[in-house]
Every structure is written in C-alpha cells, then in structure tokens.
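First the structure, in the form of structure tokens, and then the observations on it.
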Amino acid sequence: MDTWTTVMAEHRRKLIIDCDPGHDDMAAIALAATSGAFDISAVTTVCGNAGVEDTTRNALDIVSAFGVDAPVYAGATGPLIHVYEFPTKFHGVGGMQSAGAAFRRSKASARPGHAALEIIRRVKAEPGAYTLVVLGPMTNVALALALDPSISTTIREIVFMGGGTHGGNITATAEFNIWADPEAAKMVLASGILCTMFGLNVTNEAMITRADIERVRAAVAGRNPVADILDFYASTNPLFAQGLVDGPALHDPCPIAYLIDPTLFETRALPVRVATEEGPYLGATMVDLRRIPSGDDPVINVAVGVDAGRLNKLVVSALCRAAELCAANGGLPQSIAS
Ligand code: BDR
Ligand code: CA
C-alpha cells in the first residue's frame, strides 16, 4: 500500500453491517461498498426478511457480486421471544427474489462462529473503532449485549433502520424490524450505546422510482441482477408502504447515507419506548416529539427529516456503480456466466 492509500484506509469508518437481505439491505450494502467511506469489516446476518440460511446466502452473494472483501457470519435463527412468519409476500421466496437475473451464487461459505460472538470479539479487540449498522431485527446485537454487557462501552455507535415516529408497515403501528424482535430492540435502545434511528417517517421518503430503476438497468449492457432485484421489490413493496405508488421505499440505505453525509438528515435526541406488550401496539416505537424525558425511556437520536432529493441521487448513483461492479465481478447467474 502506498502512503496515500494507507492514509485513506485509516480514515475510513469501520463498519459491521448486521442485516437480513433483503432487497433494500442489498441496496444499503451497494451504497456502503461504492462510497469509499467505509472499511466494511464484517457482514453479520439475522433472520428477518427470510430465514437466516437464506439471508446468509444472500449476503454472501451480495458481497461477492460487489467485490466486497468482508467475511460473513450467520447469526440468530429466530427472535428472542416473538414468533412470526417470514414476509415472503414482500421479499419473495428466499428473501431477495429477482424479477429476472439473480446474483451468481458465491462459492464462499459463512465463517465459523455465531454473528453475536463475532460482534463481541471485534468490538472488544478495538474499543471505539466499530460502528454497527443494523438493517434487520436487532436479535444479534441483543444477544451480544446479553453475553457481554461491557460491549456497550466499546461500540462506537449504532445506526439502525427500524421503527418510526408514527404509523407502521407490518402492522398499523409497528415497523417490521422492530416488530420482528421488539424485546431485542428494547434492550439495544436501553444499552446506553449512542443510537440513531432511521424509521419509516424518513425511510418512506427514500423512494426509488421505476425511472430510477431503468437508470440502474442502463448502467450496464446485458443482464443486470441489481436492476432485476429492484424490479421485484418495486412490484411488491407498495403493498405495505403506506400507499406509495411511484416506486418502493429503499429503507435500509438511510443509515449508511447518514454516515456518508449527515446533512442529508435532521436528527433530534428524543425519548423512545418500544412496545413489547402483546396486542395492537406490539413493536411500535413511541417517540416523544415533545422531548419530555421519562425516567424509563432511553433518549436516542431520531431522524425526523430527510433531504429526499439528494438522498435519491446518492443512492441511485451508488446502485448504478454497483451494477457495474456486479457485471465486472461476473455477478451473473451461473448458467449465464459459465
Ligand atoms: C425493513 O423491513 C425489511 O423488510 C426491510 O429490509 C427493512 O429493513 C423495513 O420495514
Ligand atoms: Ca432489512
């Protein structure tokens, strides 16, 4: 490595991306991989959009397609307590269904060891170095905290997609990631780790239109799994996206975009309670926009505003670049590549 490359590498933020790919998880990894701002040190997987075998397989395929040199560790096969069915009607069979071409199956396997243990190992080895980007249910992070609460002082910060200031997608009141494992979310928010929440109130504005998907398609000649995967998502996502019709909301890139350019979002420190009681509010995040602290509710950073136009430009150009990387890395279905 020359001096300049070494200096640049030292300035890149170290990430562990904990995810459940997931169409928008794929878009988030695309944004992280193409930004040049990060050292993606590890990708950890959790059940959420699909079972953990599928989300892990998808994560392996994604990192391989985009040429990301990061190990993948499989994590929780189920939430701490809540039992639910995987949302195949939104993310399709396998959690990242494509309307056309799929990524080429990676030959790599997940590394040995549970994702929660790997999170502990890394954040203890380099205190203050790691930012955790959590894009699925928070089960792995909660397990890590339960196994070793001291990591609450060694994680630099957590940015996560989940919750919202009002309304839900999986139920009328709850957003999917929090609803899928509300007890885990409650633990993580109460841990004292600096947390920033990107909920539906901002992520529903992170739309990608059909025209944007066509731009991604036009980025490379021939088969284009990135565009085809987004196409599938565009056909199902409006079903649960609070009436969005022009295109799907790409929720998961938001925390990554914030790390790249915090001015894209307005954030406020606000008390947030996660509802864990069975019933119509299970998994809801109750955000006190009045800012009145209550002894019980942790105060975390909440994204309350977004510059949707600038965010869209950032994400779409990253997806175009990711489509190019995928073509360059041979991210085509085996049958076509061979
Ligand atoms: C969240 O749920 C999942 O379906 C998406 O990947 C995203 O993380 C949106 O509610
Ligand atoms: Ca996700």
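The values are calculated or read from the model by the stated rules, or taken from the named source; none is laboratory data. Worth saying up front: this structure is predicted, and the values here are computed from it rather than measured. All Cβ positions, glycine included, derive from the backbone under ideal geometry; neighbour counts span all protein chains shown.
Per-residue answers, yes or no, for (1) under 23 Å from VAL52 (Cα atoms); (2) without any contact (Cβ under 8 Å) to a residue 24 or more places away in the chain:
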position	(1), (2)
PRO112	yes, yes
ILE119	yes, no
LYS124	no, no
ALA142	yes, no
ALA146	yes, no
ILE158	yes, no
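What's the total number of residues in the range 173-209 that are of a type outside the set (Val, Ile, Thr), in contact with a His (Cβ under 8 Å, 6 or more places away or on another chain), part of a helix (DSSP H, G or I) and within 22 Å of ALA27 (Cβ to Cβ)?
Within the range 173-209, residues that are of a type outside the set (Val, Ile, Thr), in contact with a His (Cβ under 8 Å, 6 or more places away or on another chain), part of a helix (DSSP H, G or I) and within 22 Å of ALA27 (Cβ to Cβ) number 4.
With the structure loaded, tell me whether ARG105 is of a type outside the set (Phe, Trp, Tyr), in a loop (DSSP other than H, G, I, E, B) and more than 16 Å from ligand 1 (Cβ to nearest atom) or whether it fails that test. Steps first, answer last, please.
Working: of a type outside the set (Phe, Trp, Tyr): yes; in a loop (DSSP other than H, G, I, E, B): yes; more than 16 Å from ligand 1 (Cβ to nearest atom): yes.
When the stated conditions are applied, ARG105 passes them.
Out of the residues in the range 248-295 that are of a type in the set (Ser, Thr, Tyr) and under 20 Å from the mean Cα position of the chain (by Cα), which is nearest to ligand 1 (Cβ to nearest atom)?
To start, the set of residues in the range 248-295 that are of a type in the set (Ser, Thr, Tyr) comprises 258, 263, 267, 276, 281, 285, 294.
Applying the additional criterion that residues be under 20 Å from the mean Cα position of the chain (by Cα) yields 258, 263, 267, 285.
Values: TYR258: 15, THR263: 23, THR267: 19, THR285: 12 Å.
Ranking the qualifying residues of the range 248-295, first place goes to THR285.
Can you give me the number of residues within the range 159-216 that are within 17 Å of the chain's Cα centre (by Cα) and of a type in the set (D, E, K, R)?
The qualifying residues number 3.
What tally of residues in the range 67-98 results from selecting those that are modelled with pLDDT of 95 or more and away from ligand 1 (no atom under 16 Å from the Cβ)?
12
Considering every residue within the range 281-300, establish whether at least one is under 16 Å from GLY162 (Cα atoms), touching a Ser or Thr at 6+ places or on another chain (Cβ under 8 Å) and of a type in the set (Gly, Ala, Ser).
Yes, because at least one residue in the range 281-300 is under 16 Å from GLY162 (Cα atoms), touching a Ser or Thr at 6+ places or on another chain (Cβ under 8 Å) and of a type in the set (Gly, Ala, Ser).
Output the qualifying pairs, or none if there are none: Cβ atoms under 7 angstrom, residues six or more apart or on different chains, first residue in the range 189-209 and more than 30 Å from ASP231 (Cβ to Cβ), second residue assigned to a loop (DSSP other than H, G, I, E, B) and away from ligand 2 (no atom under 14 Å from the Cβ).
Every condition considered, the pairs that remain are LEU189/PRO298; ALA190/PRO298; ILE193/ILE155.
Name the residues in the range 286-316 that are under 22 Å from MET207 (Cα atoms) and in contact with a strand residue (DSSP E or B) (Cβ under 6 Å, 6 or more places away or on another chain), would you? Lay out the reasoning, then the answer.
Step one: of the range 286-316, the residues under 22 Å from MET207 (Cα atoms) are 302-316.
Those that are under 22 Å from MET207 (Cα atoms) and in contact with a strand residue (DSSP E or B) (Cβ under 6 Å, 6 or more places away or on another chain): VAL302, ALA303, VAL304, GLY305, VAL306.
For residues that are touching a Ser or Thr at 6+ places or on another chain (Cβ under 6 Å) and away from ligand 2 (no atom under 11 Å from the Cβ), tally how many sit in the range 17-46. Before the answer, list the steps.
Step one: list which residues in the range 17-46 are touching a Ser or Thr at 6+ places or on another chain (Cβ under 6 Å), which gives 18, 20-21, 45-46.
Then keep just the ones that are away from ligand 2 (no atom under 11 Å from the Cβ); that gives none.
So the count comes out to 0.
Go through ALA269, ALA308, ALA327 for me and flag whichever is among the hydrophobic types (A, V, I, L, M, F, W, C) and surrounded by 15 or more Cβ atoms within 10 Å (Cβ to Cβ). Show your work before the answer.
Values: ALA269 fails: surrounded by 15 or more Cβ atoms within 10 Å (Cβ to Cβ); ALA308 fails: surrounded by 15 or more Cβ atoms within 10 Å (Cβ to Cβ).
Among ALA269, ALA308, ALA327, only ALA327 is among the hydrophobic types (A, V, I, L, M, F, W, C) and surrounded by 15 or more Cβ atoms within 10 Å (Cβ to Cβ).
Out of the residues in the range 146-161 that are more than 14 Å from ligand 2 (Cβ to nearest atom) and within 20 Å of PRO271 (Cβ to Cβ), which is surrounded by the most Cβ atoms within 10 Å (Cβ to Cβ)?
Once the filter is applied, the top-ranked residue is ILE158.
Kindly evaluate GLY164 against the criterion of being surrounded by 23 or more Cβ atoms within 10 Å (Cβ to Cβ) and over 29 Å from HIS11 (Cβ atoms).
Numbers: surrounded by 23 or more Cβ atoms within 10 Å (Cβ to Cβ): yes; over 29 Å from HIS11 (Cβ atoms): yes.
The answer is yes for GLY164.
Can you find a residue that is among the hydrophobic types (A, V, I, L, M, F, W, C), in contact with a Lys or Arg (Cβ under 6 Å, 6 or more places away or on another chain) and farther than 29 Å from THR285 by Cα anywhere in the range 129-137?
Taking the range 129-137 as the starting set, the residues that turn out to be among the hydrophobic types (A, V, I, L, M, F, W, C) are 129, 132-135.
Those left that are additionally in contact with a Lys or Arg (Cβ under 6 Å, 6 or more places away or on another chain): 129.
Those still in the list that are farther than 29 Å from THR285 by Cα too: none.
The answer is no, given that none of the residues of the range 129-137 is among the hydrophobic types (A, V, I, L, M, F, W, C), in contact with a Lys or Arg (Cβ under 6 Å, 6 or more places away or on another chain) and farther than 29 Å from THR285 by Cα.
Scan the range 111-122 for residues that are within 15 Å of VAL63 (Cβ to Cβ) and surrounded by fewer than 21 Cβ atoms within 10 Å (Cβ to Cβ) and jot them down.
Across the range 111-122, the qualifying residue is only ARG111.
Consider only pairs whose beta carbons are under 6 Å apart and that are at least six residues apart or on different chains; among these, list those whose first residue lies in the range 36-56 and is in contact (Cβ under 8 Å) with a residue 24 or more places away in the chain and of a type in the set (Phe, Trp, Tyr) and whose second residue is surrounded by fewer than 21 Cβ atoms within 10 Å (Cβ to Cβ) and not in a loop (DSSP other than H, G, I, E, B).
Close Cβ pairs satisfying both conditions: PHE38/ARG13.
Look at the range 167-193 and say how many of its residues are farther than 14 Å from GLY279 by Cβ and either surrounded by 24 or more Cβ atoms within 10 Å (Cβ to Cβ) or within 12 Å of ligand 1 (Cβ to nearest atom) (or both).
The qualifying residues number 13.
Here are the criteria: (1) of a type in the set (A, V, I, L, M); (2) modelled with pLDDT of 95 or more; (3) surrounded by fewer than 21 Cβ atoms within 10 Å (Cβ to Cβ). Tell me which single one LEU60 does not satisfy.
Here LEU60 clears every test but (3).
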